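Comments concern the structure below.
The values are calculated or read from the model by the stated rules, or taken from the named source; none is laboratory data. Nothing here was measured: the structure is a model prediction, and the numbers come from that model. Here the Cβ positions follow ideal geometry from the backbone for every residue, glycine too, while neighbour counts run over all protein chains shown. Note: areas computed on protein heavy atoms with side chains; ligands, DNA, RNA excluded. Shrake-Rupley method; radii C 1.70, N 1.55, O 1.52, S 1.80 Å.
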Amino acid sequence: MQEVVFIRHNIEKWKKIESIIGQHATTKPDDLIVAYNEVTSDLAFAQTQYPSSPVTEYLNQLALGLHFDLYSQKHTPFSQLVRFWTHSIPLSVYDARRGLLISLCVFVTFIIIGILSTFGDPEYSRAILGDDYINMTLENIEKGEPMAVYGTGGQMSSFLGITINNIIVSFIIYIMGIFTSLGTGFHLMNNGVMVGTFVTFFLVRGLFVESMLAIMLHGTLELSAIVIAGGAGITLGNGWLFPGTYSRMQSFLLAARHSIKILVSTLPVFIIAGFIEGFFTRYTDVGDWWRVLVILLSLAFVLFYYVYLPIRRHHETTEKA
């Protein structure tokens, strides 16, 4: 069967099914089951006949939506919450993988630009980090306490201030996606240049290892969450810019559905990062191996939850479909 004929014969049915997705509170379970069986049957046919076609991706999205609705009717609120974190978010991360990869590339690119700019102009770090911070840090270096800035202020106040600030920054990075993904990219650029400048400032003074152990103790989670929030914002913006086979509004709403889940997933990451920075980063005399262990555990979590688990959940869903 030609693809255009296949679409023409089924498009009205698919539109009706699309209208009930997300309405599981008012839709009978039997209707969801029937719709799920019809969509998965069409999906199996499309995967065989048109594996690279947009209609196959569209049917896959319908199947995923129905799968979520069916599963939500079979579980208690607690199990739904667990499933949200262990299945729904990872699947959304997988669907937004291109936006997340773009976010990472933009962030790393501007870290490199920050590094090169700081090497090229000794005064560049003052323009980016500010005279007050530079002067204070130079004084701390002379005292033999280059990371003393992390020991200022109370632990609880530092934790709360850092966490709230990071969450606000991530929300701004995400919400700028509404104004196209370029807005999110601009904020990733600013943060990337700042990180590159910060690292190089200590590198040229022979304090690279000490600074990285202190910064990445909390920064592994914090910077990862910023990149992930950026990926969510780019996904949101791309949903509006590149609707594909959907209407522009449908594409935007679908992108918003996935991206907001990804943004929500960064909240506990920022809280843990803020807790580490507020309560532990200040203790720079702790053994280096302990700090390396925390950094590696943080990195392992990010790779597991945002790389391995999304791929695994996608394969599980595809096999069920």
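Find the residue count for region 288-315, including only residues that are within 19 Å of residue 98 (Cβ to Cβ) and within 16 Å of the chain's Cα centre (by Cα). Spell out how you get there, then give the answer.
If we filter region 288-315 for residues that are within 19 Å of residue 98 (Cβ to Cβ), which is where we start, we get 302-303, 305-315.
From what's left, within 16 Å of the chain's Cα centre (by Cα): 302-303, 305-311.
Number of matching residues: 9.
Any residue at all in region 58-77 that is of a type in the set (A, V, I, L, M) and open to solvent by 60 Å² or more (accessible area, probe 1.4 Å)? So that I can check it myself, show each step before the final result.
We begin by selecting, within region 58-77, every residue of a type in the set (A, V, I, L, M); these are 59, 62-64, 66, 70.
Those left that are additionally open to solvent by 60 Å² or more (accessible area, probe 1.4 Å): none.
Checked region 58-77: no residue is of a type in the set (A, V, I, L, M) and open to solvent by 60 Å² or more (accessible area, probe 1.4 Å).
Take the residues in region 264-287 that are open to solvent by less than 50 Å² (accessible area, probe 1.4 Å) and under 12 Å from residue 162 (Cα atoms); name whichever of them is farthest from the chain's Cα centre (by Cα).
Only one residue fits best here, namely 279.
Just checking, which of 193, 209 is closer than 30 Å to residue 296 by Cβ, open to solvent by 50 Å² or more (accessible area, probe 1.4 Å), among the hydrophobic types (A, V, I, L, M, F, W, C) and out of contact with any Leu (no Cβ under 8 Å at 6 or more places or on another chain)? Show your work before the answer.
Working: 193 fails: open to solvent by 50 Å² or more (accessible area, probe 1.4 Å).
On inspection, the qualifying residue turns out to be 209.
For region 247-260, enumerate the residues that are open to solvent by 30 Å² or more (accessible area, probe 1.4 Å), under 18 Å from residue 98 (Cβ atoms) and touching a helix residue (DSSP H, G or I) at 6+ places or on another chain (Cβ under 7 Å). Let's see the steps before the verdict.
At the first step, the residues of region 247-260 found to be open to solvent by 30 Å² or more (accessible area, probe 1.4 Å) are 247-250, 252-254, 257, 260.
Filter once more, keeping what is under 18 Å from residue 98 (Cβ atoms): 252, 254, 257, 260.
If the condition is that a residue be open to solvent by 30 Å² or more (accessible area, probe 1.4 Å), under 18 Å from residue 98 (Cβ atoms) and touching a helix residue (DSSP H, G or I) at 6+ places or on another chain (Cβ under 7 Å), then 252, 254 are the ones that fit.
All but one of (1) surrounded by fewer than 22 Cβ atoms within 10 Å (Cβ to Cβ); (2) closer than 28 Å to residue 160 by Cα hold for residue 221; which doesn't?
In the conditions (1) surrounded by fewer than 22 Cβ atoms within 10 Å (Cβ to Cβ); (2) closer than 28 Å to residue 160 by Cα, residue 221 misses (1) alone.
Restricting attention to region 1-10, and to residues there that are out of contact with any Phe, Trp or Tyr (no Cβ under 8 Å at 6 or more places or on another chain) and open to solvent by less than 50 Å² (accessible area, probe 1.4 Å), which single residue is modelled with the highest pLDDT? Please lay out each step first, then the result.
Going residue by residue through region 1-10, those that are out of contact with any Phe, Trp or Tyr (no Cβ under 8 Å at 6 or more places or on another chain) are 1-2, 4-5, 7-10.
Still in the running and open to solvent by less than 50 Å² (accessible area, probe 1.4 Å): 5, 10.
Working: 5: 81, 10: 84.
In this case the residue turns out to be 10.
Within region 290-302, identify whether any single residue is among the aromatic types (Phe, Trp, Tyr), in a helix (DSSP H, G or I) and surrounded by fewer than 18 Cβ atoms within 10 Å (Cβ to Cβ), and answer yes or no.
Yes, that holds for at least one residue.
Among (1) touching a Lys or Arg at 6+ places or on another chain (Cβ under 8 Å); (2) closer than 27 Å to residue 64 by Cα, which single condition is residue 217 missing?
(2)
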